[in-house]
Amino acid sequence: MKRLDNVLIVDDDTISNYITENVVRGANASTHTITVKDGRQALNFLRHQCNEEDFSCPDLIILDINMPLMDGVEFLEQYERFKNSNRTTVVALSNSTFSEPLKEKLKQHHVESFIEKPLTAEKILNVIEKLE
């Protein structure tokens, strides 16, 4: 199984972040896991870190869709304007079922997978397996 270098978790829910971080670590899915609380923080992080030599752009972004300030769709719209890595995969995470119109909108922004919370080791490993 491939191990990712960097995973970015974008979610406003502290408990969900705790679970997601522990699942990613427990599945030995990533060398580095970074968590931010909303889309704005994620954009700021990516703008800064993707330009640094000591940290590459994430291999995977696990993105909550329903967040205050800047939701997942708004993040994706902004992210597409500056992303400099075509190798970053975005996975949508939500505590509700994804409607077909939402799935189509997210696919337009190159979201690869849709995961309902809670994230499990099986779900994250299935995503990583598709990346190989």
Can you tell me which of Leu8, Leu43, Leu63 is at negative phi and in a helix (DSSP H, G or I)? Leu43
Evaluate the following for Asn95: is it in contact with a Lys or Arg (Cβ under 7 Å, 6 or more places away or on another chain), within 18 Å of Val36 (Cα to Cα) and either surrounded by fewer than 16 Cβ atoms within 10 Å (Cβ to Cβ) or without any contact (Cβ under 8 Å) to a residue 40 or more places away in the chain (or both)? yes
Residue, farthest from Pro68 (Cα to Cα), within segment 13-35, restricted to residues that are out of contact with any helix residue (DSSP H, G or I) (no Cβ under 9 Å at 6 or more places or on another chain) and among the hydrophobic types (A, V, I, L, M, F, W, C): Ile19
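None of the figures in this text is laboratory data; all of them are computed from the coordinates on show. Computed from a prediction, not measured in an experiment: that's the story for all the values here. Because the Cβ atoms are built from the backbone with ideal geometry, glycine has one as well, and the counts that use them run over all protein chains shown.
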